[in-house]
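Novice: Quick one: this structure, given as structure tokens, is what I'll be asking you about.
Quick note: the coordinates plus some simple rules give every number you see, no bench work behind them. As the structure is a computational prediction, the values presented were derived from the model and not from experiment. Cβ sites come from the backbone with ideal geometry, for glycine too, and all protein chains shown count toward neighbours.
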Amino acid sequence: MTELVLHVAGARPNFPKCAPVLRALDRRGVGQLLVHTGQHYDEALSDVFFRQLGIPEPDVNLGVGSGSHATQTAAIMTALEPLFLEQRPAMVVVYGDVNSTVAAALVAVKLGIPVAHVEAGLRSFDATMPEEINRLVTDRLADVLLTTSTDAIAHLGNEGIDPQRIHFVGNPMIDTLLTHLDKFDTGVAAGLGVTGRYVAATLHRPGNVDRPTDVAELVGALHAVADQAPIVLPLHPRGRERLRAAGLLDHSDIHVVDPLGYIEFMGLVRGAAAVVTDSGGVQEETTILGVPCLTLRPNTERPVTITHGTNRLVTRESLAEAVRQTLDRGPLADWPVPPLWDGQAGERIADVITTAL
Ligand code: UD1
Ligand code: UDP
């Protein structure tokens with residue numbers, strides 16, 4: 001096959017999603033080019049995923065780095081346009097809902113290159129989230145919409161998207177989880193000096209970590225959790241300074257570490273009595289691992305993790321009590337798993353893409 005499929009990835013959540021798609025297309029002999037936008041550049045947010053997940057070295061790294069939304073999105077677009085013109089791919093594949101996703105979709109459609117969107121149709125219906133804007137625009141532009149859950153199909157239908165473009169393929173993030181499951185060592189927290197029952201946490205959403213008043217309330221809520229069980233918090237760079245300045249570390253049972261590699265992070269989650277998070281991916285991963293997940297957000301674009309998983313939405317006010325209930329209840333014996341979160345999404349996505357080429 002001579003057609004070239006060009007993948008654009010750039011931020012941490014993109015990497016576990018693209019790994020199985022790249023592998024499945026490679027098995028089918030499809031010519032591929034992987035472009036890293038450089039939206040994330042720290043070793044712990046980028047390189048470690050390539051190493052641990054066996055993702056091939058990017059063919060191109062645009063090195064755009066950080067900036068305001070407009071600056072970053074524009075820089076990615078400006079760098080992608082000549083590359084797309086030079087390579088003339090038969091299809092551009094974009095992942096998730098980050099700025100790299102929408103930037104690549106915009107450039108591709110204006111050059112008449114079909115776009116496939118992996119993780120299409122998720123909606124929080126919260127336009128204050130930059131990701132929601134990115135999702136709406138990318139789905140409006142995409143020719144091939146690959147969905148992880150049935151609610152996503154309904155949202156796309158409600159927005160008038162031609163059903164023939166929509167393909168329910170399951171969740172490639174879960175392919176990655178199941179591929180590496182045997183390596184997730186539940187002793188990660190002990191290795192960090194935390195013994196016994198613990199809570200794993202991640203926090204990076206603007207709605208939680210950008211405004212000092214939110215951050216102060218968040219730190220109070222986390223201290224109330226740490227009164228019950230130690231917290232291990234691999235902290236994303238976004239809120240790092242504000243959380244520290246608000247006194248996050250003024251509790252002896254809050255253990256802040258740098259972002260962990262994927263394998264270590266999943267080990268930490270697997271061994272946790274509960275997870276407190278505002279991450280999209282972590283809501284899905286806890287759903288499969290059966291670890292109770294308390295999501296510190298007013299909404300989720302992944303409601304299937306509530307109806308078919310272990311997830312529950314909480315506020316800063318309700319968090320400590322929710323953790324108490326979770327710890328009292330103890331480990332879950334069984335829980336439902338969303339349809340097609342079975343480790344075969346990458347294969348289904350590759351089938352759809354090769355048919356569309
Ligand atoms: C981005 C995504 C978000 C995703 C998150 C996952 C958008 C709009 N947001 O948010 O959807 O959940 O990634 O992690 O695309 N920084 C570093 N090192 C890096 C990258 C960033 O220190 O390698 C710092 C910089 O100060 C930067 C800030 O983090 O300004 C935010 O980075 P950015 O990529 O703009 O957004 P995220 O908050 O990471
Ligand atoms: N992750 C990781 N180390 C960490 C935190 C997260 O490997 O310290 C992984 C985890 O698999 C998660 C993925 O990175 O699902 C993307 O997470 P992030 O919260 O950055 O993005 P989101 O899913 O919220 O967009």
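Novice: Taking only C-alpha pairs under 8 Å that are 6+ residues apart, what is the relative contact order of region 116-181 in percent?
Specialist: 34 percent
Novice: Among 325-333, 169-177, 21-29, how do they line up by average Cβ neighbours within 10 Å per residue, starting with the highest?
Specialist: Final packing ranking: 169-177, 21-29, 325-333.
Novice: From the square roots a ≥ b ≥ c of the eigenvalues of the alpha-carbon gyration tensor of region 1-78, which class results: rounded (a/c under 1.5), prolate (a/b over b/c), or oblate?
Specialist: The shape class here is oblate.
Novice: OK, next. With a Förster radius of 41 Å, plug the Cβ-Cβ distance of Ser318 and Arg51 into 1/(1 + (r/R0)^6) and report the FRET value to the nearest 0.05.
Specialist: The value I calculate is 0.60.
Novice: What distance in nm separates the simple spin-label points at Asp328 and Val257, each placed 7 Å from Cα in the Cβ direction?
Specialist: 3.1 nm
Novice: Here's a follow-up. For region 293-298, in order, what is each residue's ³J(HN,Hα) by Karplus, 6.51 cos²θ - 1.76 cosθ + 1.60 with θ = phi - 60°, in whole Hz (x at glycine and Pro)?
Specialist: 10, 10, 9, 7, 8, x
Novice: Let me ask something else about it. Could you please state, rounded to a whole Å, how far the C-alpha centre of region 261-300 is from the C-alpha centre of region 188-248?
Specialist: Between the Cα centres of region 261-300 and region 188-248 lies a distance of 14 Å.
Novice: Give the relative contact order (percent, whole number) for region 292-357; include only Cα pairs under 8 Å separated by 6+ residues.
Specialist: Normalised by residue count, the contact order of region 292-357 is 33 percent.
Novice: Something else about it: Arrange the following residues from fewest to most other Cβ atoms within 10 Å of their Cβ: Ser149, Ser279, Ser66, Ser252.
Specialist: Ser252, Ser66, Ser279, Ser149
Novice: Determine, from the Cβ-Cβ distance of Ala127 and Thr195 and an R0 of 41 Å, the FRET efficiency 1/(1 + (r/R0)^6), rounded to the nearest 0.05.
Specialist: 0.40
Novice: Mean Kyte-Doolittle of at least -0.5 plus a Cα span of 24 Å or more along the axis: flag which DSSP H helices in the chain meet both, please.
Specialist: The answer, listed by residue number, is 69-87.
Novice: Only four residue types carry charge here, +1 at the Cβ of Lys and Arg and -1 at the Cβ of Asp and Glu. Report the dipole size of the chain about the Cα centre in Debye, rounded to the nearest 20.
Specialist: That gives a dipole near 80 debye.
Novice: From the backbone phi of region 252-258, what are the Karplus-calculated ³J(HN,Hα) couplings (6.51 cos²θ - 1.76 cosθ + 1.60, θ = phi - 60°) in whole Hz, Gly and Pro given as x?
Specialist: Once rounded to whole Hz, the list reads 5, 9, 10, 10, 8, 10, 5.
Novice: Can I ask one more? Could you tell me the relative contact order of region 147-244? Use alpha-carbon pairs under 8 Å, at least six residues apart, and round to a whole percent.
Specialist: Over region 147-244, the number comes to 26 percent.
Novice: If each residue of separation counts as 0.36 nm, what is the full-extension length gain between Thr186 and Asp162 once their alpha-carbon separation is subtracted?
Specialist: 4.2 nm
Novice: Also, quick follow-up: Scattering from the C-alpha atoms of region 22-166 alone, worked out with Debye: what is log10 I(q)/I(0) at q = 0.10, 0.20 1/Å?
Specialist: With one equal scatterer per Cα and no solvent, log10 I(q)/I(0) is -0.35, -1.37.
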